[in-house]
Amino acid sequence: MNVILSHPQDSDAIWLYLELKKSHVDIELVSPEELLMAEEWTQHINNDEDQFYIKTKKGLEITNSNLNFLFNRTQMAIAPIWDKANEAERQYVQSEMNALMMSWLAQVSKKGRIYNPGKGYSLSGVFWSKQQWANAAYKAGFNSASSEAMALTEPVLVVGKKVITNCRNKTLIEHCIKLSMLAQTPLLEIYINKQDETQFVSANTYPELSKYGAKLITILKHIIYEN
């Protein structure tokens, strides 16, 4: 089973789902809200056993043995049933649900089947400050961080070990892949200075997918079937 995990309002996730379906990929579109309201959710976490079983109210069953690939776009974990609760209750429930979702995503990521895994307090990819990104970009080989306000930018999308870009600079591609690896975020959009490809401008773990079109679909199909 292959799953896109995204919020109902995520139009790019819907686009991705429809395009993969057109390409005859066996894929399910599931929301975090749907998982959190599951009919059954069981996790076993210890040294000898690391298993999970989730059954949604629609009857979809997700287990550690049948989940092949998870495309994760989760931004928050909160079930709609708590929308009318007071603020203190909502914050408490959200912290508990975040912890539950993070523990499950960690289980999935143990087999490398997730783009992107949760990191730190973020449920999908790292959530770094501009300075943290700049430091990581320097370690990845970029010469310097450019001011976002001053630079004309060019997007580069890293998808695992593949890159979608208009640039043909092999060194730039290597730097982008290395930055993605340092961030432990296999799906990463990187903006570089269009006038100087050695300069990093910013990074985004929640990119607009549709602008990468058929190239992205081709790469994801390869990754899904490779697993």
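The values are calculated or read from the model by the stated rules, or taken from the named source; none is laboratory data. Source: prediction; values computed, not measured. Ideal geometry is used to build each Cβ from the backbone, glycine not excepted, and the neighbour counts take in all protein chains shown. Ligands, DNA and RNA are stripped out before the accessible areas are found, and what is left, the full protein with its side chains, is counted by its heavy atoms. Shrake-Rupley method; radii C 1.70, N 1.55, O 1.52, S 1.80 Å.
State whether one or more residues within the stretch 68-77 are farther than 28 Å from Y225 by Cβ, at pLDDT 90 or above and surrounded by fewer than 18 Cβ atoms within 10 Å (Cβ to Cβ). Checked the stretch 68-77: no residue is farther than 28 Å from Y225 by Cβ, at pLDDT 90 or above and surrounded by fewer than 18 Cβ atoms within 10 Å (Cβ to Cβ). Of the residues examined, D26 is one that is part of a loop (DSSP other than H, G, I, E, B) and open to solvent by 20 Å² or more (accessible area, probe 1.4 Å).
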